[in-house]
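Scroll down for the structure; my scribbles are underneath it.
The values are calculated or read from the model by the stated rules, or taken from the named source; none is laboratory data. Since the structure is predicted, the reported quantities are computational estimates derived from the model, not experimental observations. Note that each Cβ is placed from the backbone with ideal geometry, even for glycine, and that neighbours are counted across all protein chains shown. Ligands, DNA and RNA are excluded from the accessible area calculation, which covers all protein heavy atoms including side chains. Shrake-Rupley method; radii C 1.70, N 1.55, O 1.52, S 1.80 Å.
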Amino acid sequence: MAEDFSFAIDRALRQELEGWRRAGLSHLPMPRRKRSAASPPSASAKPATTRTPPSSNSVSRTTSPPVTRITSQPTTAPTTHALPVVAEPLPPSPHSLGSREDREWRLNQLRQRVAACTRCQELACARTQTVFGVGNPEARFLFIGEAPGADEDAQGEPFVGAAGQLLNKIITACGLKRDEVYICNILRCRPPGNRKPLPEEAAKCREYLDGQIAAIDPDFIVCWGATAAQNLMGTEESIGRLRGRTFQHGRATVLCTYHPSYLLRNPAAKKDVWEDMKLLLKQAGLLVPA
Ligand code: URA
């Protein structure tokens, strides 16, 4: 009897989690832990352990577990961090889980929601259009930037301005093509005057980012700049301390590095980004340019 009961609870829980996963939720928020006085001021995300480079881009995806857990452990609760907003679950995808059609379908559902989103009144009033994301839904590499600027707001695509031109050069230098990656931002609307995203704006947009990560299910996530790194992983650690190593976010290995806009202002930091890119390529099992 007790066993029947626990089986029923287990099944109900699985169904509930499956519903959330289909809605695009990639993780369940964990209670924030206070950093103990003795703990070092390290990044809150857990450094990645060595991964075997995946041999195929699509095979394992169809068998990935229904709920991706964030293995990074926030250590402090930044007072400015708002709780993520979770809206209506997406309807179940009509396509086989993890297929290209399934990913495209889920991304399209999210894109439509983003286009109609008015959660951040100030941004929704000021935007020309939303900037959802662009790229290959089966990409191994997901790039996350900060927020659209004027050029992106005008064209509806991330990283098309000066920073985007530099990002393109970095992608090419890595031996990759822009359509081999997927690119999005922490925010999908341009903050007025290109100011930094507010924590509550990032929290309201988080559902869309998590949905994109869940749909694409990348092997690697590159956080370009502190805003992307800190928001994705829930840390206040500086980008200078987060770069140069990798972290684990669900199934994906995360690499954080300087934002291309920062490189435009501080070209000396390009060598650090190049070191980071070589680490990324090495972990991905790709040829590392000399
Ligand atoms: N900077 C970003 O972080 N994202 C863009 O899309 C453009 C510039």
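Looking only at the stretch 243-266, count every residue that is in contact (Cβ under 8 Å) with a residue 40 or more places away in the chain and closer than 22 Å to Pro191 by Cβ and tell me the total.
Total satisfying the criteria: 5.
Go through the stretch 240-252 and count every residue that is crowded, with 21+ Cβ neighbours inside 10 Å and either out of contact with any helix residue (DSSP H, G or I) (no Cβ under 8 Å at 6 or more places or on another chain) or not in a loop (DSSP other than H, G, I, E, B) (or both).
So the count comes out to 5.
Inside the stretch 90-114, can you point out the residues that are open to solvent by less than 60 Å² (accessible area, probe 1.4 Å) and either part of a helix (DSSP H, G or I) or acidic (Asp, Glu) (or both)?
Asp102, Arg103, Trp105, Arg106, Leu107, Gln109, Leu110, Val114
Could you run through the stretch 208-224 and say how many residues are of a type in the set (D, E, K, R) and more than 8 Å from the chain's Cα centre (by Cα)?
The total comes to 2.
Within the stretch 72-117, can you find the residues that are at pLDDT below 90 and within 18 Å of Leu142 (Cα to Cα)?
Result: Ser72, single match.
Tell me yes or no: at least one residue of the stretch 185-192 is closer than 25 Å to Leu279 by Cβ and surrounded by fewer than 22 Cβ atoms within 10 Å (Cβ to Cβ).
No, every residue in the stretch 185-192 fails to be closer than 25 Å to Leu279 by Cβ and surrounded by fewer than 22 Cβ atoms within 10 Å (Cβ to Cβ).
For Leu176, all conditions in the list (1) over 18 Å from Leu142 (Cα atoms); (2) open to solvent by 10 Å² or more (accessible area, probe 1.4 Å); (3) of a type outside the set (Lys, Arg) hold save one; what is the number of the exception?
Every listed condition holds for Leu176 apart from (1).
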